[in-house]
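The values are calculated or read from the model by the stated rules, or taken from the named source; none is laboratory data. Given the structure is predicted, the values throughout are model-derived calculations rather than measurements. In this analysis, Cβ positions are derived from the backbone assuming ideal geometry, glycine residues included, and neighbour counts consider all displayed protein chains.
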Amino acid sequence: MSYSPLIRQLIDALRILPGVGQKSAQRMAMQMLERDRSGGLRLSSALQAAMDGVGHCKNCRTLTENELCPQCADPDRDDTLLCVVESPMDVFAVDQTGFRGRYFVLKGHLSPLDGLGPEAIGIPELLERIESGAFTEVIVATNPTVEGEATSHYIAQILAPRGITISRIAHGVPLGGELDLVDNGTLTHAFAGRKPIAL
């Protein structure tokens, strides 16, 4: 089927979303055009407002429409703990665990093949943040991928001379998981990161 230029433009625009292929984009476009034009206009308005108004927090670099994000503006957080994550989505995930320290958001992870070196992901800004703070522990919460592990190792190396405790979030067997269903790499990490049982 051949769509008119405006419909084709809408379908192509919807395809930039993660996990949205051609068929899904067509269904979304048709839903808005045929059944929910007010919803489509609301989506358009919210999208325009977010694109125009959302920037990055001046301290931690997460997404916010203010100079400081809610986490950085909160005076009751622990100023001695800094959690380093790869993306703004990770801030929200970690915050839901009850973590009450501060954050720093990298722009991804080290990936020389993609041209992402220390400067590209914000390592100089991370060092500035640490120098200007009173942090006694930096928790590296990069993803448990090859690139995430390399990034974690690099950060630990450059922070080692500063006398700050550098920790890595534990990863391994998921709560409620069964050992026979866990992959070898995850199980290996779980054994390497084992700790005594608190009594």
Taking the residues in region 103-123 that are under 19 Å from residue 55 (Cβ atoms) and of a type outside the set (Gly, Ala, Ser) as candidates, determine which candidate is modelled with the lowest pLDDT. 107
Can you tell me which residue among 25, 46 is closer than 30 Å to residue 95 by Cα and not assigned by TED's automatic domain parsing to the domain that holds residue 124? 46
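Can you find a residue that is without any contact (Cβ under 8 Å) to a residue 40 or more places away in the chain, more than 17 Å from the chain's Cα centre (by Cα) and more than 18 Å from residue 57 (Cβ to Cβ) anywhere in region 146-156? Quick ask: steps written out before the conclusion?
Step one: filter region 146-156 for residues without any contact (Cβ under 8 Å) to a residue 40 or more places away in the chain, giving 146-147, 149, 152-153, 156.
Narrowing the set further to residues that are more than 17 Å from the chain's Cα centre (by Cα) leaves 153, 156.
Narrowing the set further to residues that are more than 18 Å from residue 57 (Cβ to Cβ) leaves 153, 156.
The answer is yes; a qualifying residue exists.
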Looking at region 40-77 only, could you name the residues that are among the charged types (D, E, K, R) and farther than 23 Å from residue 143 by Cα? 42, 52, 58, 65, 67, 74, 76, 77
Criterion first (closer than 18 Å to residue 80 by Cβ and either without any contact (Cβ under 8 Å) to a residue 40 or more places away in the chain or of a type in the set (Gly, Ala, Ser) (or both)) does residue 164 satisfy it? yes
For region 121-143, which residues satisfy the criterion of being surrounded by fewer than 16 Cβ atoms within 10 Å (Cβ to Cβ) and closer than 27 Å to residue 185 by Cβ? 137
Okay, helices (runs of 4 or more DSSP H) sitting entirely in region 71-148 with 1 or more residues that are polar (S, T, N, Q), I get 123-132
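Listed here are the residues, each with its yes/no results for (1) under 28 Å from residue 108 (Cα atoms); (2) touching a residue at least 12 places away in the same chain (Cβ under 8 Å); (3) in a loop (DSSP other than H, G, I, E, B).
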{"position": "6", "(1), (2), (3)": "no, no, no"}
{"position": "12", "(1), (2), (3)": "yes, yes, no"}
{"position": "26", "(1), (2), (3)": "no, yes, no"}
{"position": "33", "(1), (2), (3)": "no, yes, no"}
{"position": "38", "(1), (2), (3)": "no, no, no"}
{"position": "45", "(1), (2), (3)": "no, no, no"}
Filtered residue count, region 146-162, keeping only those that are more than 15 Å from residue 118 (Cβ to Cβ) and in contact with a Ser or Thr (Cβ under 9 Å, 6 or more places away or on another chain): 1
Among the numbered conditions (1) loosely packed, with under 12 Cβ neighbours inside 10 Å; (2) at pLDDT below 95; (3) of a type outside the set (Gly, Ala, Ser), tell me where residue 52 comes up short. (2)
Quick check, is residue 169 hydrophobic (A, V, I, L, M, F, W, C), within 22 Å of residue 188 (Cβ to Cβ) and touching a residue at least 60 places away in the same chain (Cβ under 8 Å)? no
Those residues that are in a helix (DSSP H, G or I) and either assigned by TED's automatic domain parsing to the domain that holds residue 123 or modelled with pLDDT under 80 (or both), I need them from region 159-184; list them, please. 159, 160, 161, 162, 179, 180, 181
